[in-house]
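See structure below.
The values are calculated or read from the model by the stated rules, or taken from the named source; none is laboratory data. Values in this document were obtained by computation on a predicted structure and should not be read as measured data. With ideal geometry, Cβ positions are generated from the backbone for all residues, glycine too; neighbour counts draw on all protein chains shown. Heavy atoms of the whole protein, side chains included, go into the accessibility calculation; ligands, DNA and RNA do not. Shrake-Rupley method; radii C 1.70, N 1.55, O 1.52, S 1.80 Å.
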Amino acid sequence: MSVQLNEHGELRHFLTTEGLDPQLLTRILDTAESFAGVIGKSIKTVPLLRGRTVVNLFFESSTRTRTTFELAAKRLSADVLNVAVDTTATKGESLLDMLRNLQAMQADMFVIRHDQSGAAEYFARHVDPGVAVLNAGDGWHAHPTQAMLDAYTIRQQKGAFEPLRVAIVGDIRHSRVARSQIHALNGLGVGEIRVIAPNTLLPADVDTLGVQVYNDLGAGLRDVDVVIALRLQRERMQGALLPGESEYFRHYGLTESRLRAAHPEAIVMHPGPINRGVEIDSELADGPRSVILDQVTNGIAIRMAIMTMVLGVQPETPREAT
Amino acid sequence: MSVQLNEHGELRHFLTTEGLDPQLLTRILDTAESFAGVIGKSIKTVPLLRGRTVVNLFFESSTRTRTTFELAAKRLSADVLNVAVDTTATKGESLLDMLRNLQAMQADMFVIRHDQSGAAEYFARHVDPGVAVLNAGDGWHAHPTQAMLDAYTIRQQKGAFEPLRVAIVGDIRHSRVARSQIHALNGLGVGEIRVIAPNTLLPADVDTLGVQVYNDLGAGLRDVDVVIALRLQRERMQGALLPGESEYFRHYGLTESRLRAAHPEAIVMHPGPINRGVEIDSELADGPRSVILDQVTNGIAIRMAIMTMVLGVQPETPREAT
Amino acid sequence: MSVQLNEHGELRHFLTTEGLDPQLLTRILDTAESFAGVIGKSIKTVPLLRGRTVVNLFFESSTRTRTTFELAAKRLSADVLNVAVDTTATKGESLLDMLRNLQAMQADMFVIRHDQSGAAEYFARHVDPGVAVLNAGDGWHAHPTQAMLDAYTIRQQKGAFEPLRVAIVGDIRHSRVARSQIHALNGLGVGEIRVIAPNTLLPADVDTLGVQVYNDLGAGLRDVDVVIALRLQRERMQGALLPGESEYFRHYGLTESRLRAAHPEAIVMHPGPINRGVEIDSELADGPRSVILDQVTNGIAIRMAIMTMVLGVQPETPREAT
């Protein structure tokens, strides 16, 4: 049984989109939708997690990701503790001691970001029964909340998943985002998922992922409904797999003119922050096809949804804070 | 039309005290006064901004200023996100992307501190209609909330502005505080504003500011009602404009005996943190003329006032949080 | 009269456990007990300090200790400001100015950690009448909240203090924790307190502390009911007082087999974070005798108790936040 589900098949933790069934994936999107209305209002908080404690435990610095989880928790009226961990100053063994200590302070949820694949699951296996772990990115493995906000944005723009062709462009190999997207979109029934990258930036297990592989951008973009550009993660690449940023842009950078091969109504997505002129042209990023900022907005609702679900709190009738 | 006002002449952002009319400046002071009572109580919070999100976006480190804005926002029951930005790690273009991203998280207000003049206005020009920008100090340009808390403190101590002589002593040239004070106090109708500094520490446009210039401290202090010492901003001075701290103190440092030239009831102000024995003698800073700590207290009420005004929230009948 | 008590003998500040009478020490434990039930619930907050401002003023970095105070304050619904002070960037004189400034912002409580003994008392002597100071560790002097949570844990496990033999093992000399424990446990009437350490790690005034001194671990542990291991504070030791960690473990490290000399029901405590294999063996730390994680949990309730007591807030009938 998956460590992230309880015996009733409900979310206990949120570690990966791999293996989640369509019903559960859809329930996450539906729950997020119920929060989306709240976020647009001037009063954005609901008291669903009042009195609960969420610990942001970041072993890898990321102001942006930390901020979205912090905001989601605060809009649920939870108390938030930010703990930045300097891994150079902490020995391996004491990580578990750190978790036990924070847990002994009666934290209800840990949001964990770590540069080691599997770190979030390791923590999930060791927390007490009532405590939930959310994976905010672990090594090259998974970034499941990012994948779910992407799925939410696609459904918001396109309605049904089944008829869609979705292309993911860029460094698939080192991208936890791409991996989580592929699992989520396959789970939700997307008709065809393509990955577009040079062979050096494809993962060794690409044949097992349920995707079509394209090396050529023009061919890969033909007739797609959704194009997802990945961020060029220079810090994650080992060795000289790429000939340089301008060379990358020339072959794999997204532009308005290249998008002409896609469906006329195709949308463009990016997990951010964007490297303008590397993965994507500014004109395209800021143009009408781009839903990049919608993704950011939807990220709050998705994280609110997952936070309530893993704690078993019913968000169906969110009352406003008084 | 000024970017900081809407079409009804109401505050949309708060970027500078320059060009604000006396009615609006007075309304800020009056609104702050309505909050001052709240601050003195044991329960200091009002729910006026409950459910709103305030982002402290500090490109320049300042624990002190960040703290005052954070406190003001929390006393209005807003959620506060502190984002410290390392400008050495961020490229110019992506600043706007950062703003758009934070805005997409449905932030309601940005409090921005930046070492470049005009940064706050740049952000104000690019945010969405419902979002407000507060300038918490931009380069040498402006620090308008500091100027307003100074005006508040002067009114609290002296009543009317018209009969007053106010002297500002120190490095006028590199001081965003002095610039904002001069605009605010002129706008509020102060009878005479003097600046006292060596020519090397006067701005090139000093003739256009509506102030009397004195190089000599003794002459400048004669009969003044209010003396404002500026902090010696050593980090802002380019080149050797000053012969050293003790030399500065000998010529421009404020002491009890030098204050004898002023009005017997003259008060002494300083934006803090003070360099004792450089701009001001300890005996004077801690003595009965000093209202330096009143300034700090008033800074919370002023920031609460401006935060509610830019969001169009009526603070006339603040209810206590329940 | 002690600076930490008012004229009615009630807590005004919490600086040290030295000199506190048994009634007051017991009242702290009883008050904490009233909060312990709250902490175990899913809604963990009470509105007792709503609208109050707690400033965590940490001159010495400690994520762990800061976190416990932040959590305690948030569970009382206080607003919390975290201020990390870089002492290398601050001159001695301006510390008092910093305190006055934060106080002028109408803070209600300062939680101070500093590497100089006496720092908390210095601040307590200079704050305004309504403002409370809590010592979160000052140099080698005191860490009184740690001592009280230890006393709470002992009472929770053992009931009465009078019949107990308690042994404190390790670097007594450089331990503010040990010093505060000895004062608290003597005040609460513990039958016998032993310290176990090599002479080089005993304080010069050990004869005045009301403890039995043992150099030999086996002899010191005989028939004790409670064993408290201290953390090896390598950063606090000047010079080569210790021959190395493995040598230390061989002589003073706690293990299951060495604990056989103690009472069969003896418990093992540690203020954390533990150095496994240095002060304590993993088997023992994770075994049934260990109450190390209970100590962490109890630390929240103890800090909630002290925070309400120094502000004169009655926690007898804590209502849940609504």
Subject >> Beta bridge orientation in chain B: antiparallel %, DSSP, nearest 5 >> reply: 5 percent
**OP:** Output the pairs from C:Lys74/C:Lys158; B:Lys158/C:Lys74; A:Lys41/C:Lys41; B:Lys41/C:Lys41; A:Lys41/A:Lys158 with a Cα-Cα distance over 28 Å in this structure; if there are none, say none.
**Re:** C:Lys74/C:Lys158; B:Lys158/C:Lys74; A:Lys41/C:Lys41; B:Lys41/C:Lys41
Original post:
Per residue of B:96-105, how many C-beta atoms from partner chains lie within 10 Å of its own C-beta, taken as a mean?
Top reply: 6
Original post:
Which distances, in nm and shortest first, link the B:Ala160 label point to the same label point in every other copy, taking 7 Å along Cα→Cβ?
Top reply: 7.8, 7.8
Original post:
Counting DSSP beta bridges in the protein assembly as shown, what percent are antiparallel, to the nearest 5?
Top reply: 5 percent
Original post:
If one computes P(r) from the Cα atoms of region B:9-80, what percent of pairs lie at distances over 17 Å?
Top reply: 57 percent
Original post:
Over the C-alpha atoms of region B:144-295, what are the Rg and the largest Cα-to-Cα span, Dmax, in Å?
Top reply: 13.9, 41
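Considering only protein heavy atoms, with the full assembly of protein chains and a 1.4 angstrom probe, order C:Met98, B:Met269 by accessible area, largest first.
Details: C:Met98 40, B:Met269 0 Å².
Correct descending sequence by accessible area is C:Met98, B:Met269.
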Subject >> Inter-chain Cβ neighbour average for residues C:43-52, partner chain, 10 Å >> reply: 5
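Run through region A:35-126 and list the trypsin sites (Lys or Arg not before Pro) located in a DSSP loop whose Cβ has at most 12 other Cβ atoms within 10 Å. Please report the intermediate quantities before stating the final value.
On the way: sites: A:Lys41, A:Lys44, A:Arg50, A:Arg52, A:Arg64, A:Arg66, A:Lys74, A:Arg75, A:Lys91, A:Arg100, A:Arg113, A:Arg125; in loops: A:Lys41, A:Lys44, A:Arg50, A:Arg52, A:Lys91.
In loop regions of region A:35-126 (DSSP not H, G, I, E or B), the sparsely surrounded trypsin sites (Lys or Arg not before Pro) are A:Lys41, A:Lys91.
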Original post:
When DSSP assigns beta bridges and you keep just the ones with both residues in region B:104-228, what percent turn out antiparallel, to the nearest 5?
Top reply: 5 percent
**OP:** Quick one: net charge around C:Phe249, please, counting Lys, Arg +1 and Asp, Glu -1 for every other residue with C-beta under 9 Å from its C-beta.
**Re:** -3
Original post:
What does the helix-only formula give at 222 nm for chain C: each DSSP H stretch with n ≥ 4 adding -39500 (n - 2.57), the total divided by the residues, and the result rounded to the nearest 500 deg cm²/dmol?
Top reply: -11000 deg cm²/dmol
**OP:** Compute the Rg/Rh shape ratio of region B:144-190: radius of gyration over Kirkwood radius, all on alpha-carbon atoms.
**Re:** 0.95
Original post:
Sorted from shortest, what are the nm distances separating the label point of C:Ala204 from equivalent points in the other copies, each placed 7 Å from Cα along Cα to C-beta?
Top reply: 6.4, 6.4
**OP:** With a 1.4 Å probe and every protein chain left in place, tell me how much accessible area A:Asp225 has, in Å² to the nearest 10.
**Re:** 20 Å²
Original post:
How big is the charge dipole of chain C about its Cα centre, in debye rounded to the nearest 20, if each Lys and Arg gets +1 on its Cβ and each Asp and Glu gets -1 on its Cβ?
Top reply: 560 debye
Original post:
Nearest 20 debye, what's the magnitude of the dipole of the protein assembly as shown about its Cα centre given +1 on Lys and Arg Cβ and -1 on Asp and Glu Cβ?
Top reply: 620 debye
Original post:
Given the protein assembly as shown, what whole percent of its Cα pairs are spread farther than 46 Å?
Top reply: 37 percent
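What's the local net charge at B:Ala197, with K and R +1, D and E -1, over the other residues with C-beta under 11 Å away?
Numbers: positive: B:Arg173, B:Arg194; negative: B:Asp171, B:Asp216.
That sum, taken over residues with Cβ under 11 Å, equals 0.
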Subject >> A:Ala219 versus A:Glu192: modelled label distance in nm, points set 7 Å from Cα along the beta carbon direction >> reply: 1.3 nm
Original post:
Quick one: how many Å² of B:Ser2 are accessible to a 1.4 Å probe, rounded to 10?
Top reply: 50 Å²
**OP:** Give me the accessible area of C:Leu201, 1.4 Å probe, in Å² rounded to the nearest 10.
**Re:** 0 Å²
Original post:
Can you list the GluC sites (Glu not before Pro) in region A:252-310 that are in a DSSP coil and have 16 or fewer other beta carbons within 10 angstrom?
Top reply: A:Glu256, A:Glu265
Original post:
Using alpha carbon centroids, what distance separates region B:257-273 and region A:1-70, in Å?
Top reply: 57 Å
Original post:
Which GluC sites (Glu not before Pro) in region B:1-66 pass both tests, a DSSP loop state and at most 16 other beta-carbon atoms within 10 Å?
Top reply: B:Glu7, B:Glu10
Subject >> Cα lying deepest toward the dipole's positive end in region A:144-296, options A:Thr200, A:Ser257, A:Ser246, charges on Cβ >> reply: A:Thr200
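Counting Lys +1, Arg +1, Asp -1, Glu -1, what net charge surrounds A:Ala219 among other residues with beta carbon under 14 Å of its beta carbon?
Working: positive: A:Arg165, A:Arg194, A:Arg222, A:Arg258, A:Arg260; negative: A:Glu192, A:Asp216, A:Asp223.
So the environment of A:Ala219 carries a net charge of +2.
Report the far tail of the P(r) of chain C, meaning the percent of Cα-Cα pairs longer than 26 Å. Numbers along the way, then the final one.
On the way: 23620 of 51681 pairs.
In whole percent, the long-distance tail amounts to 46.
To the nearest 0.05, how large is the calculated FRET efficiency for C:Asn199 and A:Arg250 if R₀ is 56 Å and r is the Cβ-Cβ distance?
It comes to 0.15.
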Subject >> Label point 7 Å beyond Cα along the C-beta direction, distances from B:Asp216 to other copies (nm, shortest first) >> reply: 8.6, 8.6
